Structures are given as C-alpha cells and as structure tokens.
Amino acid sequence: MARFVSTLLAVTLLSVPALAQAEAGPRERSARNTLDAEVGGGGLLYSVGYERMLRDDLGVRLGFGTWSTNQVVSAEGSGNAAKTWFVSLPVGVRWLPVHDDHHALEIGAGVNALWSSDRGEMYLLSTKERGFTPVGFGSVGYRAQPFDGGPVFRLGFDLLAANRLGERNGFGVQPWFHFAAGGAF
C-alpha cells in the first residue's frame with residue numbers, strides 16, 4: 001500500500017509542471033518556414049519544397065521535381081529510343097486540425113502542374129503530348145515538427161486524381177503515399 005501511495009504521489013508531483021504549462025495556453029509557432037524533400041505525395045515521384053505556416057494550424061507548400069524516362073517506341077519492327085522529361089510543380093495547402101508542440105494530424109490538398117516534354121509513360125501517368133497535365137491530390141498523415149524549429153518529418157497516405165492516371169484512357173484515381181524530411185526555421 002505504501003508503494004502505491006508513493007507512486008501516486010510521484011506521478012502527481014511530476015504532473016504539476018505539465019498542468020501549469022497547459023493552463024498557460026497554447027504556444028505560438030515561432031518557426032513558420034520549412035524546407036523539405038518529399039518522396040511520393042503530390043509531386044508524384046519526388047519534390048523539393050518550401051512551406052510557409054500562415055497560422056499555427058494552416059500552411060501553404062510549393063514544390064519542384066524533375067525526372068526523365070527512356071522508352072522504346074516501335075514503328076514497323078524498328079525500335080527507336082525516346083526520352084521524355086517531366087517537370088512537377090505541386091502547390092498545396094496543409095491543415096493541422098489536431099496538434100501539440102511537436103506532433104500533428106496533417107490533412108492536405110492541392111494540384112500538381114505536371115509538364116512533359118513529349119508523349120510519355122511512367123508508373124502512374126501517361127501523357128499523350130507535350131504540355132501540362134493537372135494532377136489533383138489529397139492527403140492525410142502524421143507530422144512531427146517542433147514549434148520553435150528543428151527537424152521535420154511527414155508520413156502519410158495520398159489520393160491522386162487526373163486524366164490518364166492509372167488507366168490509359170479517361171479519368172483515374174490512384175492511391176499513393178508520401179514521406180518527407182527537412183527542417184523548420
């Protein structure tokens with residue numbers, strides 16, 4: 001019984017500073033800028049991005065990514081190699097409805113202006129010609145980011161939506177993922 005009382009007393013005494021801090025109200029975010037590298041997500045394969053937190057629970061992210069694919073195009077038995085360049089420009093909004101000083105539930109949405117140099121195919125998308133293809137995206141995931149700056153990690157699930165996505169013809173929706181690491185300042 002004495003051990004139970006001493007444990008209860010120790011837990012209570014250790015909780016008092018946390019309760020006092022909670023009564024002081026939520027802290028305001030001092031690190032409102034983030035630079036990160038994201039694999040997957042709205043940038044499709046990858047993107048390097050900048051995010052600005054407009055409020056403690058709302059941010060805007062701009063990204064950039066580029067890659068190329070090599071394909072063999074057959075015409076009457078001859079195989080010609082074709083290289084297609086892709087440029088990815090994802091723009092999105094991130095909302096953190098549930099958060100504390102370090103951890104958050106992140107919900108996001110946006111659009112990727114995907115440019116291709118020619119007709120091309122990649123794992124997720126096929127383009128019929130040179131030009132822009134808008135790719136919409138939505139995401140939900142976990143975010144670790146201290147309010148006062150430091151390392152940032154994001155991990156989550158995405159849905160991508162576009163013409164010629166997942167299917168060769170017509171509109172398609174594709175499940176996807178994202179992982180990002182960077183720093184807040």
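Just so it is clear, none of the values below were taken in a lab; they were calculated from the coordinates. All values reported here derive from a predicted model rather than from experimental measurement. All Cβ positions, glycine included, derive from the backbone under ideal geometry; neighbour counts span all protein chains shown.
Tabulated results
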item: Residue-count net charge about ALA109 - beta-carbon cut-off 12 Å; Lys, Arg +1, Asp, Glu -1; result: 0
item: For THR69, THR133, order by how many other beta-carbon atoms lie within 10 Å, fewest first; result: THR69, THR133
item: Neighbourhood charge, 11 Å Cβ-Cβ cut-off, centred on ARG27 and excluding it, Lys, Arg +1 and Asp, Glu -1; result: -4
